[in-house]
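See structure below.
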Amino acid sequence: MTIKRFFWFLVVLCVISGGVVAVDIVYAGANQPDAGTWHVKPTPLNSTPTAPPTPSVQATASPVDDGNTLIHVAKVLIGKSTKTVLTTAVGYVLYYHTTDSATSICTGLCSNIWVPLVNSGYPTSTVPLPGVLSTVLNANGQQVTYDGHPLYTYTGDQKPGDVRGEGVDKVWFVVDINL
């Protein structure tokens, strides 16, 4: 494999995996049976769910289950409008996927980018909400829902209050309290 092909292979691998794959690369030296070739072994990153130590840390790429999900609300600016939206306890904005249903949800590679909010207990809120917080058992685990919509965080949000996932692919939107 030429260096140029190898480079493009890594770019494609990174795009397909959403940038969450580590790659072990080994070049076979002159004394090896397959001398002059590259060996590439993609390895999923091990991301242990942890609370961000500072607000500038990205959302985790694994479902978070603290057994006692507390939903907060915050005002965010989207375009020229201010919306009151649902957030995690540390302030990351929550999103929903317009085509999600009980049998069709974001899983697999999708859930590496759109991280499901899961909970083994019953979700609660810091303030009364006009909608209903609940959970649904699906492929992601016991996923938190709001008015029947499974909830997610977006790994593209760099800090609490970011809304970079709003409108992605015209199917991902922040969870407005009046959903």
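Full extension of the chain between residue 101 and residue 139 yields a length gain of 12.5 nm, computed as 0.36 nm times the residue separation minus the alpha carbon distance. Amide hydrogen proximity for residue 118: with H placed 1.01 Å from N in the peptide plane, the residues at 5 or more positions away or on another chain lying under 5 Å are 64, 144. With a ≥ b ≥ c taken as the square roots of the eigenvalues of the C-alpha gyration tensor of the stretch 70-174, please select rounded if a/c is under 1.5 and otherwise prolate if a/b is larger than b/c or oblate if it is not? Note, shape of the stretch 70-174 comes out oblate. Here the relative contact order of the stretch 110-179, from alpha carbon pairs under 8 Å that lie six or more residues apart, stands at 30 percent.
Diagonalising the gyration tensor over the Cα atoms of the stretch 125-164 and scaling each eigenvalue by 5 before taking the square root yields semi-axes of 20, 16, 8 Å, largest first. Please report how far the C-alpha centroid of the stretch 93-121 lies from that of the stretch 131-179, rounded to the nearest whole angstrom. So the separation of the two Cα centres works out to 7 Å.
The numbers here are math on the coordinates, done by the rules we state, and not lab data. Please read these numbers as outputs of a predicted model, since none were measured by experiment.
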